[in-house]
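J.: Dumping the structure here so I can ask a few things about it.
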Amino acid sequence: MKNNVPQKSVPQKVNKRIGVIERYFDILPVSSKTPVITLSEGSTPLIKADNLKKILGVNFNLYLKYEGLNPTGSFKDRGMTVAVSKAAELGAKAVICASTGNTSASASAYAVRAGIKSIVVIPEGAIALGKLSQALIHGAEVVAVKGNFDRCLEIVIEICENYDVELVNSINPNRIEGQKTAAYEIAEALGDTPGYQFMPVGNAGNITAYWKGYKELNEKRNLKLPVMMGFQAAGSAPIVEGKIVKDPRTIATAIKIGNPASWKQAESARDESDGVIDKVTDEEILSAWQNLADREGVFVEPASAASFAGLKKYLKEGNFDPDFRGNVVCILTGHGLKDPDRAIDTVSRPPVVEDSVDKVVETAGIK
Ligand SMILES: *Cc1c(COP(=O)(O)O)cnc(C)c1O
């Protein structure tokens, strides 16, 4: 323990936290003419998960890439800073997206900074409360459609073909470019690429982005390619089933997608990396989500826990070597406060007692 205790307090210079465009300028489609629209996104922690490692009884190093600590609470910010900066460079007056929530939260925040209008098309009644409040407080024009996410995406694509608005969904290649920076950060933190990466898959832009990042690192720095382990929710697993899911169902709203826009690219990432795209049930997702919160102190939104749920499932079914020698990273895509209703529905309500010391001591089990 002694070595961990600072011997004396040293005044620290506060480091300026720079966003991904400044940090990764050379590998992004930007130039000195690009206005940098940033909220200092990226540089999220790679957290060592030794408690979970012990519970799982594994020997590999387990890390959590906590993307919920981006400015609007999800990894979408990495892509949005590039997409909105490029839109601003082109003189766009408005950006538009279809969203299960986090894209809209991110797009609306970055649009405000750029002085651009944002339009958000969401599936009615299928957005977690935290995310909807973000888009609204940032002043987005929010339209709820009586249809699912896939339908919303079709609608915004058609609008972009006919009107002067910029699409900022992940089919915009600038989103993918920005999001690939997370692969660079992981490689920098580990001093190497991981052996395996577990992650949720919804519209599949993020797995596409990570794979692009890792392939660049392989080409430029000769780092090995990780095995990509993507997980969809069981009621919403079109890539696993090999067909569009008309009525996707899952409590993990961020991956409730029946026809992923980057389907082909996700399959390429899977096949080129010798990985898998598989599914986890809502029960498995919620159990993993709870483990992350009450064993490791990391609160994520349910969709994010699909990564750790996938790792648990593969270990349990004997499809993953607990003695693997190397680093395993689970991507945690979004913050738990995005979906407070889910947490409140899951836990039991706290007891209410009289305003006395004795009652609190007794009820809290203080001895
Ligand atoms: C967007 C999102 C996903 C899914 O990412 P895709 O790029 O659509 O596969 C997963 N989790 C969270 C929290 C998200 O916001």
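J.: Somewhere in the stretch 164-171, is a residue out of contact with any helix residue (DSSP H, G or I) (no Cβ under 6 Å at 6 or more places or on another chain) and within 12 Å of the ligand (Cβ to nearest atom)?
T.: The initial filter retains those residues of the stretch 164-171 that are out of contact with any helix residue (DSSP H, G or I) (no Cβ under 6 Å at 6 or more places or on another chain), namely 164-165, 169, 171.
Imposing the further condition that a residue be within 12 Å of the ligand (Cβ to nearest atom) reduces the set to 169, 171.
So far as the stretch 164-171 goes, yes, one or more of its residues are out of contact with any helix residue (DSSP H, G or I) (no Cβ under 6 Å at 6 or more places or on another chain) and within 12 Å of the ligand (Cβ to nearest atom).
J.: Here's a follow-up. Hey, can you tell me all the residues within the stretch 283-301 that are without any contact (Cβ under 8 Å) to a residue 60 or more places away in the chain and either of a type in the set (Ser, Thr, Tyr) or surrounded by fewer than 18 Cβ atoms within 10 Å (Cβ to Cβ) (or both)? Steps first, answer last, please.
T.: Looking only at the stretch 283-301, we keep the residues that are without any contact (Cβ under 8 Å) to a residue 60 or more places away in the chain, and these are 283-285, 287-290, 293-294, 297.
Those that are without any contact (Cβ under 8 Å) to a residue 60 or more places away in the chain and either of a type in the set (Ser, Thr, Tyr) or surrounded by fewer than 18 Cβ atoms within 10 Å (Cβ to Cβ) (or both): 283, 287, 290, 293, 294, 297.
J.: Out of (1) of a type in the set (A, V, I, L, M); (2) open to solvent by less than 60 Å² (accessible area, probe 1.4 Å); (3) assigned to a helix (DSSP H, G or I), what's the single condition that is false for residue 360?
T.: (2)
J.: While we're looking at this one, here's another question. Residue check: is residue 249 surrounded by fewer than 17 Cβ atoms within 10 Å (Cβ to Cβ) and closer than 18 Å to residue 127 by Cβ?
T.: Working: surrounded by fewer than 17 Cβ atoms within 10 Å (Cβ to Cβ): yes; closer than 18 Å to residue 127 by Cβ: yes.
Judged against the criteria, residue 249 is a match.
J.: Within the stretch 186-200, can one find any residue that is within 12 Å of the ligand (Cβ to nearest atom) and surrounded by 24 or more Cβ atoms within 10 Å (Cβ to Cβ)? Step through it out loud before you land on a result.
T.: In the first step, residues of the stretch 186-200 are kept if they are within 12 Å of the ligand (Cβ to nearest atom); the result is 199-200.
Now drop any that are not surrounded by 24 or more Cβ atoms within 10 Å (Cβ to Cβ), which leaves 199-200.
Taking every residue of the stretch 186-200 in turn, at least one turns out to be within 12 Å of the ligand (Cβ to nearest atom) and surrounded by 24 or more Cβ atoms within 10 Å (Cβ to Cβ).
J.: Something else about it: Restricting the search to the stretch 235-291, which residues are in contact with a strand residue (DSSP E or B) (Cβ under 8 Å, 6 or more places away or on another chain) and charged (D, E, K, R)?
T.: Answer for the stretch 235-291, where residues must be in contact with a strand residue (DSSP E or B) (Cβ under 8 Å, 6 or more places away or on another chain) and charged (D, E, K, R): 249, 256, 267, 270, 274, 278, 279, 282.
J.: Going through 311, 292, 315 one at a time, which residue ends up being within 15 Å of the ligand (Cβ to nearest atom) and either of a type in the set (Phe, Trp, Tyr) or assigned by TED's automatic domain parsing to the domain that holds residue 193 (or both)? Write out each step before concluding.
T.: Numbers: 311 fails: within 15 Å of the ligand (Cβ to nearest atom); 315 fails: within 15 Å of the ligand (Cβ to nearest atom).
None of the others qualify; the one that does is 292.
J.: Only one of these is open to solvent by less than 50 Å² (accessible area, probe 1.4 Å), away from the ligand (no atom under 11 Å from the Cβ) and polar (S, T, N, Q): 262, 273. Name it. Step through it out loud before you land on a result.
T.: Working: 262 fails: away from the ligand (no atom under 11 Å from the Cβ).
Every option except 273 fails the conditions.
J.: Give me the strands (runs of 3 or more DSSP E) completely within the stretch 22-113, filtered to those with at least 3 residues that are open to solvent by less than 10 Å² (accessible area, probe 1.4 Å) and assigned by TED's automatic domain parsing to the domain that holds residue 293, ordered by residue number.
T.: Values: elements: 46-48, 61-66, 94-98.
Passing ranges, in order: 61-66.
J.: Give the stretch 328-357 a look and list any residue that's open to solvent by 70 Å² or more (accessible area, probe 1.4 Å) and part of a helix (DSSP H, G or I), or say none.
T.: So the first thing to find is which residues in the stretch 328-357 are open to solvent by 70 Å² or more (accessible area, probe 1.4 Å), and the list is 337, 341, 344-345, 347-352, 354-355, 357.
Hits for the stretch 328-357 are 337, 341, 344, 345, 357.
J.: When residues of the stretch 201-214 are filtered for being over 20 Å from residue 301 (Cβ atoms) and either crowded, with 23+ Cβ neighbours inside 10 Å or near the ligand (Cβ under 9 Å from one of its atoms) (or both), how many remain? Steps first, answer last, please.
T.: Start the filter on the stretch 201-214 by keeping residues that are over 20 Å from residue 301 (Cβ atoms), which leaves 208, 211-214.
If we keep only those that are either crowded, with 23+ Cβ neighbours inside 10 Å or near the ligand (Cβ under 9 Å from one of its atoms) (or both) as well, we get 208, 211, 213-214.
Total satisfying the criteria: 4.
The values are calculated or read from the model by the stated rules, or taken from the named source; none is laboratory data. The shown structure was predicted, so the numbers you read here are calculated from the model rather than taken from an experiment. Cβ: placed from backbone, ideal geometry, glycine included. Neighbour counts: every protein chain shown. For accessibility, only protein heavy atoms count, side chains too; no ligands or nucleic acids. Shrake-Rupley method; radii C 1.70, N 1.55, O 1.52, S 1.80 Å.
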